[in-house]
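The values are calculated or read from the model by the stated rules, or taken from the named source; none is laboratory data. Since we're looking at a predicted model, the values are computed, not measured. Cβ placement follows ideal geometry from the backbone for every residue including glycine, while neighbour counts extend to all protein chains displayed.
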Amino acid sequence: MSSTEHSQNQRSKKAESATDATVKNSESAAVRGTGGPGNPSARTRTHPRNRRTTVFAPRLQALLDEHTGKDLVRLEPDTIGIAGAELSDRVLAARRATETERPTFKPLHGRSISKAEAASVMRTVGRDVRAALDGPDPLPADTDLSGPWPITGHRFLRDLVLRDDPWRLRVLMSRLLEIDTKVTWTTIVTGAALPRRPRPGPHLTQLANLVAEAETYQDRRYAMGMYRRAAAPVCFTVSTLVANALWLGSPFDDSASDRAVLYEAMRLLPPSWNLLRNRSPEYPAVDDRIGPGDDILMLPLLTHRDPALWDAPDEFRPERWDALDPDDTPGYLPFGHVSERCWGRHLVMPLAELLLGHIRRTGLIVAPGQRTAEVPLLGLLGVRTVHVGHRDKVRRT
């Protein structure tokens, strides 16, 4: 694995290692329903979501059990976890993220990605997404989105956004590559070396044209890596977000807007549940509990469930967003800090609303027979599999 690939895994490895320190002797995960633990009244309600249990990976469950409501915890001798909204805001405002801390545009194949280049690539992806959404019928009324989620949504988005891009590029959207960087690297290297590379033209997405226009093997390899970096997170995030929303709240009250449902899903299951900031001289000045050698792991997973910030923090309540502005709500970080919002958020929400609205209009619900869903530690924070079907066809027990 290259040094660049190693740096790409730094955040997830730090999170995995740090959360391991919070796990007790038992490795069996506690379970937490959407109504919240210790809330018998929520459990006895008749809504189907209150009969479901979300099973977090043991390390995630340990974080929730032991540290919810705390503003700062020491996770390891050299790692501080921060979940307090006010402290999170001050730490994230202390300095901008470095190139190795950025979630998407870390150095690629040993080459730094400037902010100007990153912005240009995101504009390119944005044009491709808008072209897909502005098409004559991006999501026909008879489209069947039943099946296991998030993979069903991921495949639909891949075909919608990437359209007629060649398979050597579309395969880079595989969810398997989200976890295994070695397979990702091999796929990119092989694709860049294949003969008969695609020809530029309007039949390709603008992002694919960057690959087609690359002259050398090194440039093609870099362009394919950028294709993966830019397009895959959009498909991954949207499909995961919609799957989470379905699991947490389906079937939804008619009064709840699609956007409010999605905001609430991102509160309970933020796709990016941690943000790494490496040790830096600015941080001890923010709080004297932070040492000069401490790395910092911001924990939106905990901030989003802090009882000091949220009424009924473990309950799925889309209506809370009727009175809240997600861009100005303390401690709400689904797309990062206000100083460095994720560039992809304006792509994620329209696509997620498109899919969720179609699911609701076509009468799809979570299969009542599914009572548990696992949330693994690796990758985006989301339920592993949600079975979705038509109201009159899904299994009722």
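Just checking, which of V394, V383, V338 is aliphatic (A, V, I, L, M), over 30 Å from R277 (Cα atoms) and either modelled with pLDDT under 95 or crowded, with 21+ Cβ neighbours inside 10 Å (or both)? If you could, list the steps in order and put the result at the bottom.
Values: V383 fails: over 30 Å from R277 (Cα atoms); V338 fails: over 30 Å from R277 (Cα atoms).
Testing whether each residue is aliphatic (A, V, I, L, M), over 30 Å from R277 (Cα atoms) and either modelled with pLDDT under 95 or crowded, with 21+ Cβ neighbours inside 10 Å (or both) leaves just V394.
Quick one: would you say N278 is under 24 Å from the mean Cα position of the chain (by Cα) and surrounded by 19 or more Cβ atoms within 10 Å (Cβ to Cβ)? Break it down stepwise before answering.
Working: under 24 Å from the mean Cα position of the chain (by Cα): yes; surrounded by 19 or more Cβ atoms within 10 Å (Cβ to Cβ): no.
It is false that N278 is under 24 Å from the mean Cα position of the chain (by Cα) and surrounded by 19 or more Cβ atoms within 10 Å (Cβ to Cβ).
Is there a residue in region 239-246 that is hydroxyl-bearing (S, T, Y), assigned to a helix (DSSP H, G or I), crowded, with 21+ Cβ neighbours inside 10 Å and in contact with a Lys or Arg (Cβ under 9 Å, 6 or more places away or on another chain)?
Scanning region 239-246 turns up at least one residue that is hydroxyl-bearing (S, T, Y), assigned to a helix (DSSP H, G or I), crowded, with 21+ Cβ neighbours inside 10 Å and in contact with a Lys or Arg (Cβ under 9 Å, 6 or more places away or on another chain).
Criterion first (modelled with pLDDT under 95, in a loop (DSSP other than H, G, I, E, B) and over 24 Å from L378 (Cβ atoms)) does G331 satisfy it?
yes
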Seminar exercise, completed: Going through region 70-113 in order, the residues found to be small (G, A, S) and surrounded by 15 or more Cβ atoms within 10 Å (Cβ to Cβ) are G81, A83, G84, A85, S88, A94, A97
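Select, from D311, D306, the only residue that is out of contact with any Gly (no Cβ under 8 Å at 6 or more places or on another chain), part of a loop (DSSP other than H, G, I, E, B) and over 19 Å from H154 (Cα atoms). Lay out the reasoning, then the answer.
On the way: D306 fails: out of contact with any Gly (no Cβ under 8 Å at 6 or more places or on another chain).
The match here is D311.
Is there a residue being part of a loop (DSSP other than H, G, I, E, B) and either surrounded by fewer than 22 Cβ atoms within 10 Å (Cβ to Cβ) or without any contact (Cβ under 8 Å) to a residue 60 or more places away in the chain (or both) anywhere in region 257-271? Quick ask: steps written out before the conclusion?
Of the residues in region 257-271, the ones part of a loop (DSSP other than H, G, I, E, B) are 257, 269-271.
With either surrounded by fewer than 22 Cβ atoms within 10 Å (Cβ to Cβ) or without any contact (Cβ under 8 Å) to a residue 60 or more places away in the chain (or both) added as a condition, the list becomes 257.
Yes: one or more hits.
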Seminar exercise, completed: Scanning region 193-217 residue by residue, those part of a helix (DSSP H, G or I) and in contact (Cβ under 8 Å) with a residue 40 or more places away in the chain turn out to be Q206, L207, A208, L210, V211
Problem set entry | Scope region 285-308; condition in contact with a Pro (Cβ under 6 Å, 6 or more places away or on another chain) and surrounded by fewer than 16 Cβ atoms within 10 Å (Cβ to Cβ); matching residues | P292, P307
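Suppose we filter region 114-124 for residues that are polar (S, T, N, Q) and buried (at least 16 other Cβ atoms within 10 Å of the Cβ); how many remain? Can you show your working first?
Step one: of region 114-124, the residues polar (S, T, N, Q) are 114, 120, 124.
From what is left, the residues that are buried (at least 16 other Cβ atoms within 10 Å of the Cβ) are 124.
Count: 1.
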Exercise. Just for region 37-62: of the residues that are farther than 17 Å from V383 by Cα and among the aliphatic types (A, V, I, L, M), which one is modelled with the lowest pLDDT?
Worked result: A42
Seminar exercise, completed: Within region 46-66, the residues that are over 22 Å from the mean Cα position of the chain (by Cα) and buried (at least 18 other Cβ atoms within 10 Å of the Cβ) are N50
For this session: Could you please find all residues in region 171-185 being farther than 17 Å from F156 by Cβ, β-branched (V, I, T) and assigned to a helix (DSSP H, G or I)?
Result: T181, V183, T184
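Out of R127, R158, R168, I need the residue that is basic (K, R), buried (at least 16 other Cβ atoms within 10 Å of the Cβ), in contact (Cβ under 8 Å) with a residue 12 or more places away in the chain and over 29 Å from V383 (Cβ atoms). Which one?
Exactly one residue qualifies, and that residue is R168.
Take the residues of region 140-155 that are among the hydroxyl-bearing types (S, T, Y) and assigned to a loop (DSSP other than H, G, I, E, B): which is nearest to L381 (Cα to Cα)? Write out each step before concluding.
Kept after step one, since they are among the hydroxyl-bearing types (S, T, Y), are these residues of region 140-155: 143, 146, 152.
With the extra rule that they be assigned to a loop (DSSP other than H, G, I, E, B), the set shrinks to 143, 146.
Values: T143: 27, S146: 22 Å.
Ranking the candidates gives S146 first.
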